[in-house]
Amino acid sequence: MGITTKEVNGREYVYHWRVENGRKRERYCGPARDGGSRRSALMMELEMLESRQTDLSERIGRVRASLGMLAG
């Protein structure tokens with residue numbers, strides 16, 4: 001997961017990329033010269049990271065609960 005810039009026909013464009021089902025997926029965010037493009041890519045990155053954080057927190061809770069049951 002990350003943000004990349006690609007040059008196409010002499011112009012640079014911003015993309016947000018991630019790996020989904022083992023394949024790299026890219027989402028176009030706009031021309032690199034437009035500050036809104038980078039902001040859009042950063043917002044996508046933040047949403048994905050927050051989602052992962054929630055998933056990990058829930059998973060950690062389940063593992064801790066399982067360990068508690070095994071200890072008792």
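The values are calculated or read from the model by the stated rules, or taken from the named source; none is laboratory data. The shown structure was predicted, so the numbers you read here are calculated from the model rather than taken from an experiment. Please note: Cβ atoms are built from the backbone with ideal geometry, for glycine as well, and neighbour counts cover all protein chains shown.
Computed values, structure above
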| item | result |
| --- | --- |
| Residues (crowded, with 16+ Cβ neighbours inside 10 Å and under 9 Å from the mean Cα position of the chain (by Cα)) located in the range 37-54 | MET44, GLU45 |
| Evaluation of ASP34 against (1) surrounded by 11 or more Cβ atoms within 10 Å (Cβ to Cβ); (2) within 15 Å of GLY2 (Cβ to Cβ) (one fails), failing number | (2) |
| Tabulated pairs, the range 43-56, first modelled with pLDDT of 95 or more, second not in a helix (DSSP H, G or I) and not small (Gly, Ala, Ser), C-beta under 6 angstrom, 6+ apart or interchain | MET44/HIS16 |
| Residues being of a type in the set (D, E, K, R) and under 11 Å from MET1 (Cβ atoms) - total across the range 37-46 | 1 |
| Matching option when the condition is assigned to a strand (DSSP E or B) and either farther than 19 Å from MET1 by Cβ or of a type in the set (Ser, Thr, Tyr) (or both), among GLU58, GLU26, GLU12 | GLU12 |
| VAL19 surrounded by 11 or more Cβ atoms within 10 Å (Cβ to Cβ), among the β-branched types (Val, Ile, Thr) and in contact with a Lys or Arg (Cβ under 8 Å, 6 or more places away or on another chain) | no |
